[in-house]
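Enquirer: Before I ask anything, let me first share the structure, which is written out below as structure tokens.
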Amino acid sequence: MSRTSLVRAALVVALGGGAAPSLVAAGDPAPAGPAPSSPAPASSVGEIKKEHNVDMPNGRKAVRLTVPAEIVGQQGKTVWAAAWFTDPDDKPVPSNDPAYADPSGTLKVVSVEFTATKDHESEIVTFLVPYFAFPKRKEGKYQVVAHVKLVRRDSPKNTVLATGSTSFFVEG
């Protein structure tokens, strides 16, 4: 047996489904198979819009974050969104009000949970974040980054479906 025949014989590829092995030599075209399927569409967070100096019921001012979300493949599942804040170097921004903070004290707001009623639906999530929850800083105006995540409630651990972020300035 020639050296080429030995190399070809060593390149045995087993086909699925119990089919007999076939020989494939280097340079031979790959065996035809089913076309790869396109990936399933994923949930997403669109461009986050900011509206400053929004009046709150208590007479104070806030920034409103409007988050468009496309929720895909979650029909019947419980979904919610959250926004937390960092500085541009990704250092958490502490909250001045525990009502607007996570357990570690980072400024955070969470939406009300809702159940996706369709396999693909659009939702608008709105967060109203009072300026008094942002810390005061000596330098006055400073930049923050709002990080948003769209989450499916699962047990034992929630599943993040999509994320997004935007930055803006607040008065300190």
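Enquirer: For the structure I just gave you, tell me whether residue 102 is of a type in the set (D, E, K, R), over 22 Å from residue 62 (Cα atoms) and modelled with pLDDT of 95 or more.
Expert: Criteria not met by residue 102.
Enquirer: Within the range 31-69, take every residue that is among the hydroxyl-bearing types (Ser, Thr, Tyr) and at pLDDT 95 or above and give me the one that is farthest from residue 122 (Cα to Cα).
Expert: Out of the qualifying residues, it is 66.
Results for (1) surrounded by fewer than 16 Cβ atoms within 10 Å (Cβ to Cβ); (2) among the basic types (Lys, Arg); (3) out of contact with any strand residue (DSSP E or B) (no Cβ under 7 Å at 6 or more places or on another chain), shown as yes or no for each residue.
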| site | (1), (2), (3) |
| --- | --- |
| 58 | yes, no, yes |
| 115 | yes, no, no |
| 118 | yes, yes, yes |
| 133 | no, no, no |
| 142 | no, no, no |
| 164 | no, no, no |
| 170 | no, no, no |
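Enquirer: Looking at (1) under 24 Å from residue 78 (Cα atoms); (2) in contact (Cβ under 8 Å) with a residue 24 or more places away in the chain; (3) exposed (fewer than 13 other Cβ atoms within 10 Å of the Cβ), can you tell me which one residue 156 breaks?
Expert: Here residue 156 clears every test but (2).
Enquirer: Considering only residues that are of a type outside the set (D, E, K, R) and either surrounded by 12 or more Cβ atoms within 10 Å (Cβ to Cβ) or in contact with a Gly (Cβ under 8 Å, 6 or more places away or on another chain) (or both), which ones fall in the range 120-131?
Expert: Across the range 120-131, the qualifying residues are 120, 125, 126, 127, 128, 129, 130, 131.
Enquirer: When both residues are 6+ apart or on different chains and their Cβ atoms are under 6 Å apart, which pairs have a first residue that lies in the range 53-71 and is closer than 20 Å to residue 164 by Cα, and a second that is assigned to a loop (DSSP other than H, G, I, E, B) and β-branched (Val, Ile, Thr)?
Expert: 65/48; 67/48
Enquirer: Okay, moving on. In the range 62-100, what residues are crowded, with 19+ Cβ neighbours inside 10 Å and part of a strand (DSSP E or B)?
Expert: Those that are crowded, with 19+ Cβ neighbours inside 10 Å and part of a strand (DSSP E or B): 62, 63, 65, 67, 69, 71, 79, 81, 83, 84, 85.
The values are calculated or read from the model by the stated rules, or taken from the named source; none is laboratory data. Remember, it's a predicted structure, so these values are computed and weren't measured experimentally. Quick reminder, even Gly has a Cβ in these numbers, built from the backbone with ideal geometry, and neighbours come from all protein chains shown.
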